[in-house]
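Okay, so here's the structure we're looking at.
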Amino acid sequence: MSTNPIIPYAFHPKKKQNAKPTVVINNFCELLGLELPETRVSVSYCRCKHCPDMPTVKESVCCIDVQEATSKWAKNWKKFVDETDKCYSSHHVFQKIINDELDLDHFIQIDRMHLKQIANLTRSVYVDEYIAAEKNDMYRFACYRKTTYLVHDIMGIGKRVQLPACIVGAIRNKYPSKSETYKGYEEFFGED
């Protein structure tokens, strides 16, 4: 019996089902490109005055921190907002994203097709999270995804980066959850 965790000669070689990914929990913030201190959640990290309290260190990122960062993800934000000194959540393009529900409906249709194509390419099961969601949950998810597409373009399968907390807060204020609980930022632990 082979101990190799890769199934060779597949169109997209996959790890065998019994090979479990290694999960490493850390406070490295992809958006800022640095490790954040554990105390960041307990101290006031917001300097734009629009960030809500976030449950994890990785989600506690103010847009002012992004303006000062040099990571490729931070540079994408700087290009998107034209190096403004205002809070990102007040940017006119972002305001259009969250306030134009007809445009969000169109984005959702296109995004569903895109997610289905990704599932087909990666030979994985397509789960339509939009269908099962309440209206506000659906719009909130679409705002997160659309903002990420506009700022960073298509990042690739399994690549994830945080959104500034003020952006997340503005989306949650516009489309609140009925249960008042939110999934939050999640690492990608699937197969690459």
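Since every read-out is calculated from the coordinates, none of them should be taken as a lab result. Fair warning: this is a prediction, and the values are worked out from it, not measured in the lab. Positions of Cβ are generated from backbone atoms using ideal geometry, with glycine treated the same way; all protein chains shown enter the neighbour counts.
Worth pointing out:
- Ratio of Rg to Rh over region 57-153 (Cα coordinates, Kirkwood Rh, two decimals): 1.02
- Here the gap between LYS178 and ASP100, fully extended at 0.36 nm per residue and compared with their Cα-Cα distance, gives a gain of 26.0 nm.
- Only Cα pairs under 8 Å and 6+ residues apart enter the sum, and on that basis the relative contact order of region 6-174 stands at 27 percent.
- Rounded, prolate or oblate (a/c below 1.5 giving rounded, otherwise prolate when a/b exceeds b/c) for region 6-174 by Cα gyration tensor: oblate
- Within region 27-119, trypsin sites (Lys or Arg not before Pro) in DSSP loop having at most 12 other beta-carbon neighbours inside 10 Å: LYS49, LYS86
- Phi angles of region 142-153 translate, via the Karplus equation with coefficients 6.51, -1.76, 1.60 and θ = phi - 60°, into HN-Hα couplings of 5, 4, 4, 5, 5, 4, 4, 4, 5, 7, 10, 6 Hz per residue; Gly and Pro are given as x.
- Listed pairs LYS79/LYS146; LYS135/LYS174; LYS116/LYS146; LYS96/LYS146 exceeding 18 Å between Cα atoms: none
- Counting neighbouring Cβ atoms within 10 Å and putting the fewest first, the residues LEU32, LEU150 line up as LEU150, LEU32.
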